[in-house]
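Only one structure is covered here, and it is reproduced in the block below.
The values are calculated or read from the model by the stated rules, or taken from the named source; none is laboratory data. Note that the coordinates shown come from a computational prediction; the quantities given were computed from them, not determined experimentally. For neighbour counting, all protein chains shown are included, and Cβ atoms are generated from backbone atoms with ideal geometry for every residue, glycine included.
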């Protein structure tokens, strides 16, 4: 382990040394095991994390929401530089489709942003010409990991656009002038026009994933054009 870094309220990025020869596709995940953690519980010392860094980056980075009731999360947040961890993988198939003529629409709820961060960072480095819209939902601006970087990437790449929306601004102390409320098919349509055409990727809490999937299908999207990954609390 190289270092940890807070990236939002109760959200931690963990930077890891990349094992020699380790390769992955943007959007994939690893299993991270703590070696002799300070605390443990019945859930064990291994968790799956989407990789946040791009494949060409020198280090591996993952990010997670912190929960005080999780012994794993408490031990992870207490790790010191040079602590030993075990990495297994990569795994997962939430990766960008190869057909560049079909746009991509990413829908992320909370920490579900992690696989998409890897993809958009990789796209910024490799310029694959995919048109990408990212719809990113959080309760408050304080909870929105990587939002500043995403806005910077939008300004730098005309093929990438981020639409962030907040659902509980009454609990925020920061000003917000963007969208509010949940991501809906109507919101997506306002920014991309016709819903049919793109490949849709949804990652976040199970309720968001199932709700958006149902809404897209009701809007005429073929199930084969929808790819999902649920992020449950652990």
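Exactly one condition in (1) more than 17 Å from the chain's Cα centre (by Cα); (2) over 22 Å from residue 5 (Cβ atoms) is false for residue 174; which is it?
Condition not satisfied by residue 174: (2).
Does the stretch 182-234 hold any residues that are assigned to a loop (DSSP other than H, G, I, E, B) and without any contact (Cβ under 8 Å) to a residue 40 or more places away in the chain, and which are they?
184, 193, 194, 195, 196, 219, 220, 221, 222, 232 - these are the residues of the stretch 182-234 that are assigned to a loop (DSSP other than H, G, I, E, B) and without any contact (Cβ under 8 Å) to a residue 40 or more places away in the chain.
What are the residues in the stretch 132-147 that are over 14 Å from the mean Cα position of the chain (by Cα) and without any contact (Cβ under 8 Å) to a residue 40 or more places away in the chain, if any?
132, 139, 141, listed by residue number.
Run down 96, 60 and say which single residue is touching a residue at least 40 places away in the same chain (Cβ under 8 Å) and over 15 Å from residue 15 (Cα atoms).
96
From the list 29, 42, 56, pick out the single residue that is at pLDDT 95 or above and over 28 Å from residue 142 (Cα atoms).
56
From the residues in the stretch 221-234 that are surrounded by fewer than 15 Cβ atoms within 10 Å (Cβ to Cβ) and modelled with pLDDT of 95 or more, which one is farthest from residue 26 (Cα to Cα)?
222
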